[in-house]
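So the structure is just underneath, and the comments pick up after that.
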Amino acid sequence: MSDTPQNEIEIRRWYKKQLEQIPVLNEQWTEQGLPLPERAEKSYAIRREARLKAREMMADKMIVQRLRERDVKRYGNPDGPTFGYLVKRLAERGLEENAIYDEIILSSSRTDAGIDKLLDI
C-alpha cells in the first residue's frame, strides 16, 4: 500500500519473522521432551511478546489504537487473546485437550492475512 509508512511495513516483516521461529522452536522443545501444554504456552508467549513489541515500535499510534480496538471487539482484550481465551474458544469448537494445544502452537505462527494484504506483504 503506497501510503503505508515504510516503518510499519518493516515492523510487520519483523513481526512475521518472529513468528516464523515458532515451528522450529517447537521441534526443539519436542526433542527436549517438553510437554505439549508447555510448548503451547511458550508458542503463545512468543507471539504475544512479538505483538506487543511490534505495536510499541510503531510510529503511527492511530494504527496501534485501531488494532487495540479491533482486539477488544474480537477478543475482549486490547492486547489480543489470552491463552485461556484461546483454550476456551477451541474447546467450544469441539477440540479436545491435545488438539487444543496443537492448534495454539500452529496458530501462533500464522499472521492475519488481511493485515498482510493491506500492507502489501
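List of remarks:
- Solvent-accessible surface of protein heavy atoms, probed at 1.4 angstrom with all chains present, puts Trp29, Trp14 in the order Trp14, Trp29, largest first.
- Centroid-to-centroid separation of segment 69-120 and segment 8-38 [C-alpha atoms, Å]: 15
- Placing unit charges on the Cβ atoms only, positive for Lys and Arg and negative for Asp and Glu, gives the chain a dipole magnitude near 400 debye about its Cα centre.
- Couplings 3J(HN,Hα) of segment 102-111, computed from phi: 4, 5, 4, 5, 4, 6, 5, 9, 9, 10 Hz, in residue order, whole Hz [Karplus 6.51 cos²θ - 1.76 cosθ + 1.60, θ = phi - 60°; x for Gly and Pro].
- Relative contact order of the chain, pairs being alpha-carbon contacts under 8 Å that are 6 or more residues apart, as %: 39
- GNM remark for the chain: springs join alpha carbons under 10 Å apart, and the peak mean-square fluctuation among Pro81, Pro23, Pro35 falls on Pro35.
- Its Cα gyration tensor gives the chain an equivalent ellipsoid, and the semi-axes of that ellipsoid, as √(5λ) in whole Å with the largest first, are 27, 17, 11.
- Annotated for the chain: lysine pairs at least 8 residues apart or interchain, Cα distance under 17 Å, count 9.
- Which of Pro35, Tyr15, Tyr75, positive extreme of dipole for the chain (C-beta unit charges): Tyr75
- Rolling a 1.4 Å probe over the protein heavy atoms leaves Thr82 with an accessible area of roughly 60 Å².
The values are calculated or read from the model by the stated rules, or taken from the named source; none is laboratory data. Given the structure is predicted, the values throughout are model-derived calculations rather than measurements. Methodologically, a virtual Cβ is constructed for each residue, glycine included, from the backbone with ideal geometry; neighbour enumeration extends over all protein chains shown. These accessible areas exclude ligands, DNA and RNA; they are computed on the full protein's heavy atoms, side chains included. Shrake-Rupley method; radii C 1.70, N 1.55, O 1.52, S 1.80 Å.
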